[in-house]
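Undergrad: I'd like to ask some things about the structure below.
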Amino acid sequence: MSRASKDTLVSEFCSITNASPKDAKRYLDKHQRRLDVAIDAYFQESSGGRTTVASTSRLNALFDRYKDPSGDDISVDGTIQLCQDLQVDPEDVVLLAVAYELKSPRVGEWNRKGWIEGWSRLGCDTTDSMRVTLTPLRVKLGSDSTYFRKVYDHTFTFARTEGQRSLAVETALAFWALLIPTGLAGGALNHDLTDEDVDMDGEESSGWTDEHTQWWFQFLTEKGGKGVSKDTWMMLFDFIRSIDSKFLTHDAEAAWPSTIDDFVAWARSGGKVPTAEAI
């Protein structure tokens with residue numbers, strides 16, 4: 001890793017934890033410069049190495065504060081108030097991680113069981129502790145591929161209208177607009193280079209970028225259709241992680257959803273990437 005990359009990691013560590021550069025370097029070196037692991041270790045050791053045991057009674061009281069007066073769950077109004085208390089934008093991507101942790105069934109809905117079990121696993125029973133937990137959760141979501149995948153998979157069910165098998169295209173685009181840039185920026189969606197990821201000039205080919213995300217959005221908008229299937233949603237994660245920037249390694253005979261195959265054909269026909277004949 002270059003000196004500039006190391007300095008960037010130190011700066012990110014300091015901005016998230018408010019630690020000194022010396023401590024940041026020590027934690028990063030100790031944990032092989034894995035930002036998410038180093039930050040988790042910092043917060044854990046800063047609390048004296050103790051795992052906080054959340055109070056069920058406090059969590060129940062908080063749930064009752066936010067729940068719908070006429071129902072048994074927290075609904076949209078309670079969610080808005082919760083976001084205000086946590087000082088987080090309702091459209092912040094970290095709330096998708098919270099939704100996964102608390103097993104929220106749908107946007108703006110939280111049930112008591114998921115609330116108690118989820119916040120207890122995270123060691124939180126006050127709005128202050130919840131607010132602090134959002135920072136490491138956001139880092140983990142962006143940098144940990146395994147965790148990102150879990151949140152990503154849950155988001156499909158979470159965002160889907162009850163009774164529907166697919167996501168409306170507009171809804172899928174909105175959630176992809178939150179998730180994909182986060183995974184690209186933090187490394188969770190980093191491309192794993194293989195021997196095939198070399199272009200005709202022998203130069204190493206990079207993977208999916210923000211530009212490809214805009215192509216994907218443009219393609220789906222032009223294509224229209226009733227919705228995005230679960231298969232397309234799930235497999236896009238694997239496609240982003242495996243495809244090279246010029247789509248040279250795309251195999252039309254592989255088991256990709258037809259929407260992804262059509263996207264590759266669209267990109268080639270539009271001159272965004274080389275055509276199959278040119279490969």
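Undergrad: Got a number for carbon plus sulfur as a percent of the chain's accessible area, 1.4 Å probe?
TA: Carbon and sulfur: 49 percent of the exposed surface of the chain.
Undergrad: If you don't mind, there's one more thing I want to ask. Once you keep just the Cα pairs under 8 angstrom separated by 6 or more residues, what percentage relative contact order results for the stretch 3-47?
TA: 31
Undergrad: Which of rounded, prolate or oblate describes the chain when judged by the alpha-carbon gyration tensor and an a/c cut-off of 1.5?
TA: The shape class here is oblate.
Undergrad: How big is the charge dipole of the stretch 3-47 about its Cα centre, in debye rounded to the nearest 20, if each Lys and Arg gets +1 on its Cβ and each Asp and Glu gets -1 on its Cβ?
TA: 240
Undergrad: At 10 °C and 1.306 mPa s, grab the translational diffusion coefficient of the stretch 159-269 from Stokes-Einstein with a Kirkwood Rh over Cα pairs, rounded to a whole number in µm² per second.
TA: The diffusion coefficient I find is 108 µm²/s.
Undergrad: So how many Lys-Lys pairs in the chain land under 14 Å Cα to Cα, not counting same-chain pairs under 8 apart?
TA: Going through the chain pair by pair, I get 9.
Undergrad: I've got another one for you. Could you check how many percent of all C-alpha pairs in the stretch 56-141 are farther apart than 15 Å?
TA: 54
Undergrad: While we're looking at this one, here's another question. How far, in degrees from 0 to 90, does helix 210-223 lean away from the longest principal axis of the Cα atoms of the chain, to the nearest 10?
TA: The helix 210-223 is inclined about 80 degrees to the chain.
Undergrad: Mind pulling the angle between the C-alpha long axis of helix 258-269 and the longest principal axis of the chain? Nearest 10 degrees, somewhere in 0 to 90.
TA: The angle comes out near 50 degrees.
The values are calculated or read from the model by the stated rules, or taken from the named source; none is laboratory data. Computed from a predicted model, the values in this text were never measured in an experiment. Note that we place each Cβ from the backbone using ideal geometry, even for glycine, and neighbour counts take in every protein chain shown. Side chains included, ligands, DNA and RNA excluded: accessible areas come from the protein's heavy atoms. Shrake-Rupley method; radii C 1.70, N 1.55, O 1.52, S 1.80 Å.
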